[in-house]
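S.K.: Sending over a structure as structure tokens; questions will come in a sec.
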Amino acid sequence: MRIDIVSIFPEFFSVLDVSLVGKARQKGLVSTSVTDLRDFTYDVHRTVDDSPYGGGAGMVMKPEPWGEAIDSIIGDETSAVLVVPSPAGEPFTQAIARELAAEEHLVFACGRYEGIDQRVMDHFGSRIRVRPLSLGDYVLNGGEVATMAFIEAITRLIPGMVGNPESLVEESHEDGLLEYPSYTKPQLWRELEVPEVLRSGNHAAIAAWRREQQIERTKAIRPDLLPE
Ligand code: 6GU
């Protein structure tokens, strides 16, 4: 998978080298490249934003630098996916992470929260797939932190990334429920004991207990995830 990121804070993405994504790059499964949006400005102030048509607070990112930056990345490709992090996007989920993990080329357009001129999404929407995605129902200053989260969630699902693929199947959200609680040694810690069933060796009982824990946790913390 090829990952391109366009941002006015390219240095933010230096952590890509040290995270799980760094492993994916070492294994040759993922290549990442960061483009500075301001490289596509031509005025002394390297201006990337302007006041909104129709008035209102804040600034809007100008379309021309975005157009040139993304053109320079995709060329005449038609199979790339342009991910636009936005609090107004579709809520990002494990299912979307799985879909995007199967793509060959992802381009992340990190705008500031007031947004990018809509014509950028409209224009590229006629050439490639465009996916506005939100990290959750709160506002960040820009798309950079959301992009890091998206990349981490997506790249760990690329086949060959995680040592034990079973660890992917058993985690929170993969089966629509929250994960069951986990324990390791010592058996007694600060007067707290590991649940007896987990030490019983009875695999059917353990599986049943874990399922019940998943359902109880999901009911208590995320009832919205449960079917009617
Ligand atoms: Cl993806 N971007 C920004 N700027 N704010 C957000 C977000 C994304 N998701 C939640 N808030």
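The values are calculated or read from the model by the stated rules, or taken from the named source; none is laboratory data. Computed from a predicted structure; not experimentally measured. Heads up, the Cβs are rebuilt from the backbone with ideal geometry, glycines too, and the neighbour counts pull from every protein chain shown. In case anyone asks, the SASA skips ligands and DNA or RNA and just uses the protein heavy atoms, side chains included. Shrake-Rupley method; radii C 1.70, N 1.55, O 1.52, S 1.80 Å.
S.K.: Does L198 satisfy the condition of being farther than 30 Å from F9 by Cα, open to solvent by 50 Å² or more (accessible area, probe 1.4 Å) and out of contact with any Asp or Glu (no Cβ under 7 Å at 6 or more places or on another chain)? Show your work before the answer.
M.R.: Working: farther than 30 Å from F9 by Cα: yes; open to solvent by 50 Å² or more (accessible area, probe 1.4 Å): no; out of contact with any Asp or Glu (no Cβ under 7 Å at 6 or more places or on another chain): yes.
Considered against the rule, which asks whether it is farther than 30 Å from F9 by Cα, open to solvent by 50 Å² or more (accessible area, probe 1.4 Å) and out of contact with any Asp or Glu (no Cβ under 7 Å at 6 or more places or on another chain), L198 comes out as no.
S.K.: Restricting to segment 23-75, what's the tally of residues that are surrounded by 11 or more Cβ atoms within 10 Å (Cβ to Cβ) and more than 30 Å from I154 (Cβ to Cβ)? Quick ask: steps written out before the conclusion?
M.R.: Here is the first cut: in segment 23-75, the ones surrounded by 11 or more Cβ atoms within 10 Å (Cβ to Cβ) are 23-25, 27, 29-41, 46-52, 58-74.
Going one step further and asking which of them are more than 30 Å from I154 (Cβ to Cβ), we end up with 46-47, 50-52.
Total satisfying the criteria: 5.
S.K.: Can you tell me which residue is farthest from the ligand (Cβ to nearest atom) among those in segment 67-114 that are more than 18 Å from V30 (Cβ to Cβ) and polar (S, T, N, Q)?
M.R.: Ranking the qualifying residues of segment 67-114, first place goes to T78.
S.K.: Which of (1) hydroxyl-bearing (S, T, Y); (2) open to solvent by 30 Å² or more (accessible area, probe 1.4 Å); (3) touching a strand residue (DSSP E or B) at 6+ places or on another chain (Cβ under 6 Å) is the odd one out, the single condition T147 does not satisfy?
M.R.: (2)
S.K.: Filter segment 134-144 for residues that are more than 6 Å from the ligand (Cβ to nearest atom) and open to solvent by less than 40 Å² (accessible area, probe 1.4 Å) and give the result. It would help to see each step written out before you state the result.
M.R.: Initial filter on segment 134-144 (more than 6 Å from the ligand (Cβ to nearest atom)): 137, 141, 144.
Scanning segment 134-144 gives a single hit, E144.
S.K.: Let me ask another. Which condition from (1) over 30 Å from H173 (Cα atoms); (2) free of Cβ contacts under 8 Å to residues at least 12 places away in the same chain is the one that E99 breaks?
M.R.: Answer for E99: the failing condition is (1).
S.K.: On to the next question. Here's a check for you: in segment 172-195, which residue that is among the hydroxyl-bearing types (S, T, Y) and over 23 Å from A95 (Cβ atoms) is surrounded by the most Cβ atoms within 10 Å (Cβ to Cβ)?
M.R.: Ranking the candidates gives Y183 first.
S.K.: Here's something else I'd like to know. Let me spell it out: the conditions are (1) within 12 Å of F124 (Cα to Cα); (2) within 16 Å of the ligand (Cβ to nearest atom), and A57 meets all of them except one. Which number is the exception?
M.R.: Against the list (1) within 12 Å of F124 (Cα to Cα); (2) within 16 Å of the ligand (Cβ to nearest atom), A57 comes up short only on (1).
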